[in-house]
Amino acid sequence: MLCQKIKFGKAGTFFLTLIFLSALVLSCKKPTEVTYTPPPPEDRPPVWDVNALRGVWVTTTASTALNSRANIKEMVTNCKAAGINTIFMVVYNNARTMYPSTVMNNLIGKPILETFTGRDPLQECIEEAHAQGLKVHAWFEYGFASSFSANGGAIVAAKPHWAAKDVSGNLVVKNGFDWLNGIHPEVQQFMIDLFKEVVTKYNVDGVQGDDRLPAMPTQGGYDTYTVDLYKAENGGASPPTNFANTGWVNWRANKLNQFCKRLRNEVKAIKPTVQFTISPSPFPFGMNEYLQDWPTWVDSAWVDAILPQCYRYDISAYNATLAQQKGYYKNNAVPFYPGVLLKVGSYVASDAFLTQMIQSNRAAGFKGECFFFYEGIKESPGWFRNQYPYIP
């Protein structure tokens, strides 16, 4: 016989049974599903345009980023790790500069924000940022706002006729900010002198105005100088008492438009390669509330890039604002970079919301953006390192 009986002891029978049952169980299992696990971020190339602006605003409010050179170096290092390539550093707010300024010293006897006496945070930031390959733009945060809830502050105390006035002759105050009259030639020259001082003294890559430059609340324009100018150009007629009158709004906005053009030209005359950008309020809100006509600035190529503040708290509102602003954007030769709200007060945008906003930017054809503000990067380092560079 080819087959013979094989006798097993108890132990042999047990192990044979165990092998048989194991084979039976394995034969009944479903095939293992194989899922694709993408390689870690460091093994994937970023999808962003390396030439696009990826910016962040750095200010003195609710931040210690500029309080020492060590803090500045840490800030730059964090920005570099987050994929940021452009730092918009505040150089002027609340009637103070963040660098030693002859212009401010001549005006109010204060060359620099008292906290920074003996230092030059702007120069320190430029040196630290350039060492790591980042650009620095000088951001004139307060623009034509002179102070916050201080009755005009030191500037209006020194130059009372610079104050913006409403129809009742009172200082224009909006959302707590006290305003200068951005149409007055002396006020305009003061701001031009600040810009020229920075461009002349520092190796900045750019300069920037925002929702307060050029700007003035539509309630303003009833000071003696502006009223007389309006009369001279309108056959002796006084300005409408309704500050929202369309013709009156357009007349004042046009004066600020001409200032924008002049400011750019004077900056470029000193350093043609410096970038001149503005981050305005969304249009037409900015026009109706602050006389900001950014579509004209872009259409006329008076700016090198526009960064509308698309600050919203949910993706539906963000997408609506983004689409609205894109509708006014006609000159593709001037880059458009949305302003994205990252943090304000105790609010920090969630990782999921940040991803949605950047996806919307890319879908709209905008290859970069700028985040407000730096402190939010410290609270969302994982998103900036592991998601931001790879969002198509």
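The values are calculated or read from the model by the stated rules, or taken from the named source; none is laboratory data. The model shown is predicted, which means the values in this text are computed figures rather than measured ones. When we count neighbours, we look across all protein chains shown, and the Cβ atoms used for this are built from the backbone with ideal geometry, even at glycine.
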Take THR64 and tell me if it is free of Cβ contacts under 8 Å to residues at least 12 places away in the same chain and touching a helix residue (DSSP H, G or I) at 6+ places or on another chain (Cβ under 7 Å). yes
Taking the range 159-189, which residues are surrounded by fewer than 21 Cβ atoms within 10 Å (Cβ to Cβ) and not in a loop (DSSP other than H, G, I, E, B)? PRO160, HIS161, LEU171, VAL173, LYS174, PHE177, PRO185, GLU186, GLN189
Looking only at the range 142-172, and only at residues there that are farther than 16 Å from ASN94 by Cβ and of a type in the set (S, T, N, Q), the one that is nearest to the chain's Cα centre (by Cα): ASN170
Of all residues being among the hydrophobic types (A, V, I, L, M, F, W, C) and farther than 14 Å from ILE183 by Cβ in the range 223-247, which is surrounded by the most Cβ atoms within 10 Å (Cβ to Cβ)? Just the residue, please. ALA244
Which numbered condition in (1) over 30 Å from VAL334 (Cα atoms); (2) modelled with pLDDT of 50 or more is the only one that MET75 fails? (1)
Of the residues in the range 359-377, how many are in contact (Cβ under 8 Å) with a residue 24 or more places away in the chain, more than 19 Å from ALA333 (Cβ to Cβ) and among the hydrophobic types (A, V, I, L, M, F, W, C)? 5
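Residue-wise test of (1) polar (S, T, N, Q); (2) farther than 19 Å from PHE195 by Cβ; (3) modelled with pLDDT under 95.
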| residue | (1), (2), (3) |
| --- | --- |
| THR59 | yes, no, no |
| ALA65 | no, yes, no |
| ALA70 | no, yes, no |
| ALA82 | no, yes, no |
| TYR92 | no, no, no |
| PRO100 | no, no, no |
| THR115 | yes, yes, no |
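Between GLY376, GLY365, GLY382, GLY345, which is closer than 25 Å to ASP293 by Cα and among the small types (Gly, Ala, Ser)?
Selected residue: GLY365, the only one of GLY376, GLY365, GLY382, GLY345 that is closer than 25 Å to ASP293 by Cα and among the small types (Gly, Ala, Ser).
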Report yes if some residue within the range 190-200 is crowded, with 21+ Cβ neighbours inside 10 Å, closer than 22 Å to GLY55 by Cα and of a type in the set (Phe, Trp, Tyr); otherwise report no. yes
So which residues in the range 63-100 are of a type in the set (Ser, Thr, Tyr), part of a strand (DSSP E or B) and over 15 Å from the mean Cα position of the chain (by Cα)? TYR92, THR97
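Residue-wise test of (1) touching a residue at least 12 places away in the same chain (Cβ under 8 Å); (2) farther than 19 Å from GLY286 by Cα.
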| position | (1), (2) |
| --- | --- |
| GLN208 | yes, no |
| PRO214 | yes, no |
| TYR225 | yes, yes |
| LYS231 | no, yes |
| SER238 | no, yes |
| ASN245 | no, no |
| TRP248 | yes, no |
Check ALA129 against each of (1) in a loop (DSSP other than H, G, I, E, B); (2) buried (at least 20 other Cβ atoms within 10 Å of the Cβ) and name the one condition it does not meet. (1)
Would you mind stating whether VAL199 is at pLDDT 95 or above, closer than 24 Å to ALA129 by Cβ and in a loop (DSSP other than H, G, I, E, B)? no
Screening LEU213, LEU229 for residues that are at pLDDT 95 or above and in a helix (DSSP H, G or I) leaves only LEU229
Of GLU197, GLU141, the only residue that is out of contact with any helix residue (DSSP H, G or I) (no Cβ under 8 Å at 6 or more places or on another chain), in contact (Cβ under 8 Å) with a residue 40 or more places away in the chain and under 15 Å from ARG96 (Cα atoms) is GLU141
Looking at the range 32-61, I want the residues that are under 21 Å from PRO381 (Cα atoms) and in a loop (DSSP other than H, G, I, E, B) and have a partner that is of a type in the set (A, V, I, L, M, F, W, C) and at pLDDT below 95 with Cβ atoms under 6 Å, at least 6 apart or on another chain. Which pairs are those? none
So how many residues does the range 348-392 have that are crowded, with 20+ Cβ neighbours inside 10 Å and among the β-branched types (Val, Ile, Thr)? 2
Which residue, of VAL156, VAL103, is touching a strand residue (DSSP E or B) at 6+ places or on another chain (Cβ under 9 Å), free of Cβ contacts under 8 Å to residues at least 40 places away in the same chain and assigned to a helix (DSSP H, G or I)? VAL156
Result of the Cβ filter at 6 Å on the range 172-184, keeping first residues that are among the basic types (Lys, Arg) and partners that are surrounded by fewer than 24 Cβ atoms within 10 Å (Cβ to Cβ) and modelled with pLDDT of 95 or more, at least 6 apart or interchain, is LYS174/PRO217
Of the residues that make up the range 313-334, is at least one within 24 Å of THR59 (Cβ to Cβ), touching a strand residue (DSSP E or B) at 6+ places or on another chain (Cβ under 8 Å), modelled with pLDDT of 95 or more and hydrophobic (A, V, I, L, M, F, W, C)? no
Please specify each residue of the range 83-102 satisfying the condition of being buried (at least 21 other Cβ atoms within 10 Å of the Cβ), touching a Pro at 6+ places or on another chain (Cβ under 9 Å) and small (Gly, Ala, Ser). SER101
